[in-house]
Amino acid sequence: MRALLQRVSRAAVRVDDEEIGAIGPGLLVLLGVGRSDEEATAEALARRVVELRIFADDEGRTNRSLLDIGGSALVVSQFTLYADTRRGRRPGFTDAALPELAIPCYERFYAAVEAAGVRVARGRFGSKMAVELINDGPFTIWLDTDDR
């Protein structure tokens, strides 16, 4: 799985001009599922996301996690994180999981984040979405479970 984390002061997602999810301070998580991913992978990645110390402590050091600050997460499915741009000018997406695998992994991820005690808002899988955010920092982190 791949996750692009953006530390935000606020973020929202819209489908057909309707806001379907919004958060205040926390993380926007753009989440891609690969062909070989499993629900256990989603749970492990969720733990990494909620425990990652990327929020400032009282001394300004990035020493607090999403759990420590009581922040929220906006989780948006993003198969394009698996874009292969090595050949030609049109990206290929053959490494992205098909919906029958991706949906359960996506759902397991946000359920695990929520079970850890984080308020979760989410996008709508497979929909054309408009995502708005105010990046705090800016601070953006790339996580790929294949890199462990």
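A few remarks follow.
- Here the gap between residue 100 and residue 38, fully extended at 0.36 nm per residue and compared with their Cα-Cα distance, gives a gain of 21.2 nm.
- Under the Karplus curve 6.51 cos²θ - 1.76 cosθ + 1.60, θ = phi - 60°, whole-Hz ³J(HN,Hα) for region 38-46, x wherever Gly or Pro sits: 10, 4, 5, 5, 4, 5, 5, 5, 4
- In sequence order, region 109-121 has phi-based couplings of 4, 5, 5, 5, 4, 5, 5, 6, x, 9, 5, 10, 10 Hz under the Karplus curve 6.51 cos²θ - 1.76 cosθ + 1.60, θ = phi - 60°, and Gly or Pro positions carry x.
- FRET E, pair residue 57, residue 111, Förster distance 30 Å, beta-carbon r, rounded to 0.05: 0.55
- Here the dipole of region 1-138 is about 540 debye; that uses its Cα centre as origin and unit charges on the Cβ of Lys and Arg (positive) and Asp and Glu (negative).
- Gap separating the Cα centres of region 47-85 and region 86-148, nearest whole Å: 12
- Average accessible surface area per residue within the chain, 1.4 Å rolling probe, Å²: 55
- Cα gyration tensor shape of region 11-57, rounded if a/c is under 1.5, else prolate or oblate by comparing a/b with b/c: oblate
- Accessible-area composition of the chain, carbon plus sulfur, in percent [1.4 Å probe]: 45
- Cα-based shape type of region 52-107, given that a ≥ b ≥ c are square roots of the gyration tensor eigenvalues and the cut on a/c is 1.5: oblate
- Dipole axis of region 1-120 (+1 Lys, Arg; -1 Asp, Glu on Cβ), positive-most option in 30, 40, 113: 30
- Relative to the Cα centre, the charge distribution of region 73-124, modelled as +1 at Lys and Arg Cβ and -1 at Asp and Glu Cβ, gives a dipole magnitude of about 300 debye.
- Listed peptides 18-24, 81-87 by packing density, highest first (mean Cβ within 10 Å): 18-24, 81-87
The values are calculated or read from the model by the stated rules, or taken from the named source; none is laboratory data. As the structure is a prediction and not an experimental result, all values here were calculated from the model. For neighbour counting, all protein chains shown are included, and Cβ atoms are generated from backbone atoms with ideal geometry for every residue, glycine included. SASA here: full protein model, heavy atoms, side chains in, ligands and nucleic acids out. Shrake-Rupley method; radii C 1.70, N 1.55, O 1.52, S 1.80 Å.
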